[in-house]
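These notes are about the structure you will find just below.
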Amino acid sequence: MIDVYMNCPTFENEFYMLRKVEKEDAKDLLKVYSDSKAVPFFNSDNCGGDDFHYTTKDRMKEAIEYWLWEYNRQGFVRWAIISKKTKEAIGTIELFHRDANDFFTNCGLLRMDIRSDYEIASEIIKILALIIEPAYTLFHCDKIATKAIAPAKERIEALKSLGFNLSKEKLIGHDETEYGSYFFLSKN
């Protein structure tokens, strides 16, 4: 069995590659995390007040160092999404196994942060298609959940076309805060 925290796999198709984020991604990812059109679609639920709007290279480097630290302590995996066309990181995907006292238990919780010019249903489908199936095995879960707020029309369209459904259930945070707008896909 593959341990994602011992050997982080890379996934690719003809359009994109997902590989573990690296410190050298800071320049490209700053374009993502400083993109004021993209930031509102990022999921910062349960993230201690971080809104993921980074406007300096130093702050971006700090974030990447934190993501690598979390990987090393087996908190979550953060993959860089590399466009094969432009050869640059156009976003990230975070995934981790979540056990909780709510609907979103035994769940692979997925966060996807992408530049606004890639917030297009057809591109989102190409990206997510790389990770959905392997996520069940890598994160030992029976469902995958991800947040998409109502204004994220392209993201919602992509999720629905991949079989995700909007949950009526709330995700309950560490401090009992209730978070909505989660879509989920159960393992077949």
*Residue check for L18: out of contact with any Phe, Trp or Tyr (no Cβ under 6 Å at 6 or more places or on another chain) and under 17 Å from W79 (Cα atoms)*: no
_Which condition from (1) out of contact with any Asp or Glu (no Cβ under 7 Å at 6 or more places or on another chain); (2) touching a residue at least 24 places away in the same chain (Cβ under 8 Å); (3) surrounded by fewer than 21 Cβ atoms within 10 Å (Cβ to Cβ) is the one that G180 breaks?_
(2)
_Need pairs with beta-carbon distance below 7 Å; first residue in contact (Cβ under 8 Å) with a residue 12 or more places away in the chain and under 19 Å from R78 (Cα atoms) and within region 117-143, second small (G, A, S) and assigned to a loop (DSSP other than H, G, I, E, B); sequence gap 6+ or separate chains._
E119/A38
_Qualifying positions in region 96-143 - of a type in the set (K, R) and in a loop (DSSP other than H, G, I, E, B)_ = R115
*In region 59-76, which residues are among the aromatic types (F, W, Y) and part of a helix (DSSP H, G or I)?*
Y66, W67, W69, Y71
*If we scan region 43-55, do we find a residue that is buried (at least 20 other Cβ atoms within 10 Å of the Cβ), modelled with pLDDT under 95, under 17 Å from the mean Cα position of the chain (by Cα) and under 14 Å from M112 (Cβ atoms)?*
yes
*asked:* For region 146-177, which positions are of a type outside the set (A, V, I, L, M) and buried (at least 16 other Cβ atoms within 10 Å of the Cβ)?
replied: T146, K147, E154, R155, E157, F164, S167
*So K23 clears everything in (1) touching a strand residue (DSSP E or B) at 6+ places or on another chain (Cβ under 6 Å); (2) under 21 Å from F96 (Cα atoms); (3) not aromatic (F, W, Y) except one condition, right? Which one?*
(1)
*Which one of these does N106 not meet: (1) at pLDDT 95 or above; (2) on the phi < 0 side of the Ramachandran plot?*
(2)
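The values are calculated or read from the model by the stated rules, or taken from the named source; none is laboratory data. These numbers come from a predicted model, not from an experiment. Cβ sites come from the backbone with ideal geometry, for glycine too, and all protein chains shown count toward neighbours.
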